[in-house]
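Since every read-out is calculated from the coordinates, none of them should be taken as a lab result. Keep in mind it's a predicted model, so treat the numbers as computed, not measured. Ideal geometry is used to build each Cβ from the backbone, glycine not excepted, and the neighbour counts take in all protein chains shown.
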Ligand SMILES: Cc1cc2nc3c(=O)[nH]c(=O)nc-3n(C[C@H](O)[C@H](O)[C@H](O)COP(=O)(O)O)c2cc1C
């Protein structure tokens, strides 16, 4: 598929088929994603691929912690978030809600427990950077994540970035035996979409250029 078509059609999928992805396919996706640029080509990312039964086992651990700690999806902020951003988040939830309702599920439970279950995906990529780096290197990992999503889409595989699991970083490191000097940033659920699931019909809107671009000439 053409790159621009891929950019325009990609969306987060929140219901996956319980169908394994081959190691060969995942390697092709990762090999394409590694073309992402990075500062002085350091490629500071590290990816832990958790598959099939191991993915389910990880989710059981995360869901157990969720029941104890109840940290839910939210914007995360170090200062009050201006209303223009909050209203975009609200709008997204309000627009997605009817699709989730059609599946007979409560929205909050769907998003929180669904995220920790990686929406049933057979594979999840956990993206880390070495803690030797300053936070600015997280940009490199973010670019890598974009490449990973688009490479997956290019190979016919759907995805959903799942940031909620950042709040369960300690559990992830403990469960997968990952040393403390790795900083966990984000996960990406990967799989084939369940085309019967109403939530996968949802496409989130975007703001106009006039709302985020300033031209100086
Ligand atoms: C950094 C980041 C964290 C995210 N975390 C979650 C999450 O925990 N759960 C979830 O369902 N979606 C999550 N998403 C998906 C966003 O909700 C989604 O990208 C956004 O609504 C735009 O929709 P689209 O990806 O379909 O274009 C995350 C996306 C990003 C980029």
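Along each principal axis, taking the top coordinate minus the bottom one, the Cα set of the chain gives 52, 41, 41 Å in descending order. Sort out for me the Cα centre separation of the range 192-216 from the range 96-120, rounded to whole Å. One Cα centre to the other: 18 Å.
In which sequence would 63, 185 go, from the one with the fewest C-beta neighbours within 10 Å to the one with the most?
On the way: 63 15, 185 21.
Sorted ascending by nearby Cβ count, the order is 63, 185.
With both bridge residues required to lie in the chain, what share of the DSSP beta bridges run antiparallel, to the nearest 5%?
Details: 21 of 22 bridges.
Here the share of antiparallel DSSP bridges comes out near 95 percent.
In the chain, the DSSP-assigned H stretches of four residues or longer account for a calculated mean residue ellipticity at 222 nm of -13500 deg cm²/dmol, using -39500 (n - 2.57) per stretch and the full residue count as denominator. In percent, rounded to a whole number, the relative contact order of the chain is 38, using alpha-carbon pairs under 8 Å and six or more apart. The Cα center of the range 37-70 and the Cα center of the range 1-36 differ in position by 17 Å.
Mind giving me the FRET efficiency for residue 93 and residue 67? R0 is 22 Å, r the Cβ-Cβ distance, nearest 0.05 is fine. Mind showing how you got there, number by number?
Values: r = 22 Å, r/R0 = 1.02.
Efficiency, from the Cβ-Cβ distance: 0.45.
If you run the Gaussian network model on the chain, springs between alpha carbon atoms under 10 Å, then out of 133, 85, 184 the most flexible one is 85. Within the listed set 200, 18, 41, the residue fluctuating most in the Gaussian network model of the chain (springs between alpha-carbon atoms under 10 angstrom) is 41. Mean sequence separation of contacting Cα pairs (under 8 Å, at least six apart), scaled by the length of the range 94-202, corresponds to a relative contact order of 42 percent. Each peptide among 139-150, 103-114 gets the average number of other Cβ atoms lying within 10 Å of its residues, and from highest to lowest they stand as 139-150, 103-114.
Note on the chain: GNM, Cα springs under 10 Å; of 192, 84, 166, the largest mean-square fluctuation is that of 84. Please check which bits of the range 121-142 a label hung off residue 51 would reach, taking the label as a point 7 Å along Cα-to-C-beta and the cut-off as backbone N under 16 Å. Flagged as within label range: 121-126.
Scaling the Cα radius of gyration of the range 151-191 by the globular reference 2.2 N^0.38 Å produces a ratio of 1.38. Sorted fewest first by neighbouring Cβ atoms within 10 angstrom, 45, 215 come out as 215, 45.
For residue 107 and residue 4 in the same chain, what is the full-extension length gain: residue separation times 0.36 nm, less their Cα-Cα distance, in nm? Spell out each step's value before the answer.
On the way: separation 103, 0.36 × 103 = 37.08 nm, distance 3.17 nm.
My answer for the length gained is 33.9 nm.
If you sort the three axes of the alpha carbon gyration tensor as a ≥ b ≥ c, you get a/c of 1.5 or more for the range 66-123 and a/b no higher than b/c, which makes it oblate. With neighbours defined as other Cβ atoms within 10 Å of a residue's Cβ, the residues 160, 92, 73, 132 order from fewest to most as 132, 92, 73, 160. Remark: the Cα gyration tensor places the range 13-100 in the oblate category, a/c being 1.5 or greater and a/b not exceeding b/c.
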